[in-house]
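Okay, so here's the structure we're looking at.
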Amino acid sequence: MTRTATLRHDPIAAIATAPGRGGVGVVRISAGDVAAFADGVLGRQLLPRHATYARFLAADGNALDEGIALYFPAPHSFTGEAVLELQGHGGPVVLDLLLQRCVELGARLAEPGEFSRRAFLNGKLDLAQAEAVADLVDAASAEAARSALRSLSGAFSARIHELVEGLTRLRTLVEATLDFPEEEIDFLEHADAFGQLDALDTRLAAVRTQARQGALLREGLTVVLIGQPNVGKSSLLNQLAGFEAAIVTEVAGTTRDTVREAIQIRGVPLHVIDTAGLRDTDDAVERLGIARTWAAVETADVALLLVDAAHGVGTAEAAILARLPGIVRLTVHNKIDVTGETPRATGDEIWLSARTGAGVDLLRDRLLEVSGWQAAGEGAFMARARHLDALARAAGHIAAARAAALQLELFAEELRLAQAALSTITGEFTADDLLGEIFGSFCVGK
């Protein structure tokens, strides 16, 4: 694997546990040689991969803390360099004193994601695996954590490598025929080059499906609740959340500002936004809330238009629908406990009671459907927007290769471009600025 970015070898140190108080806190040092840090902090050298109980010493020899020290020699460590981990008590003052002691001994404070970046540049992880480290930390559900762990273990990367290898073999076959133009088409047909291309396209489509599932687990779905005042938006938010996330009263206009709540439906994260009721009003505060409602709509993936089941979609609701941008919209007929109707779902319309919960499961199912979630989500790879973009570009180049099948120079070039697009996922060819953007979003100490 080619690493085109710059690798720094100077010693770095960081607190690797979350801010705040805890039972255990970890300070991590990565360097070409950590002997000076072991001697300065512990007053001794350590056996590789053995947990050693020791006192952590200040410059004057007094104890800063006591705990467990671990030494991982290069290249058998997370970063591929020598790594020293100091596991002490989880108080922020104690950890900061220990970190400052490491700085005194010659380390500098690590940048966000710098440990993972060094692991990538030293070939311990590819780029997709390195990103999965952060995704595992940030996982919002058990399904998301499992998906991130699959990517971290290399399942996503293995599928990408299979595709790249298939494209490489096909490119070799195509380019070998360019020296024999009078026989090239017959030769390619005999070698089933176009059958190989179709097989690659099918495999790529399967990977794209799994990646889209993983992207949904990572990013979630933003759902905005809109409608006229007092149609039950806040009650529906509370039903979806499973607790009283929003104030509910009989007074129209109770919700003056957007209320956001993160929930899960079968492991898929949903960011639900309750909004101010949409109506003409002279109330300055309510007008601000309505303006924020439309701003929330602009960023949403799905809009739920709530209407009173007693009268359905009227002129006011039709006007709201006409203003909605090109996003998925579902119409929710609420208050069937008053009208006596039964819960049901027909197309993009659902009848339910936000007060009793009747029919809310139908809405949950419909939200998963419109999000593109599939029940077989266990095969999902944790994917990011850049992964989906690279996969889409590769699919486009494969389609262009098929269209240029009788022009072998163009055919070969489109195959090369498809291979290059896929290679950006695992980081075979990656610029410093992209790495800075990716690893800059990581936690310090990761």
(Q) For the stretch 1-76, what does the relative contact order come out to in percent, with C-alpha contacts under 8 Å and a separation of six or more? (A) 20 percent
Q | Sparsely packed trypsin sites (Lys or Arg not before Pro) within the stretch 33-117, loop by DSSP, other Cβ within 10 Å at most 10 | A | Arg44
Q.
Skipping prolines and chain starts, which residues have an amide H placed within reach, meaning under 5 Å, of the one on Gly22, given they are 5 or more residues away or on another chain?
A. Gly90, Gly91
Q) Mean separation of Cα pairs under 8 Å and 6+ residues apart, divided by the residue count of the stretch 1-155: what relative contact order is that in percent? A) 24 percent
Q | Segment Thr172-Thr339, length gained on full extension (0.36 nm per residue, minus Cα span) | A | 53.2 nm
Q.
Assuming 0.36 nm per residue, please report the length gained on full extension of the stretch Ala392 to Arg323 beyond their Cα-Cα distance.
A. 21.8 nm
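We did not get these values from a lab; they are worked out from the coordinates using the rules stated. Not measured: the values here are computed from a predicted model. Glycine gets a Cβ as well: all are built from the backbone with ideal geometry, and neighbour counts include every protein chain shown.
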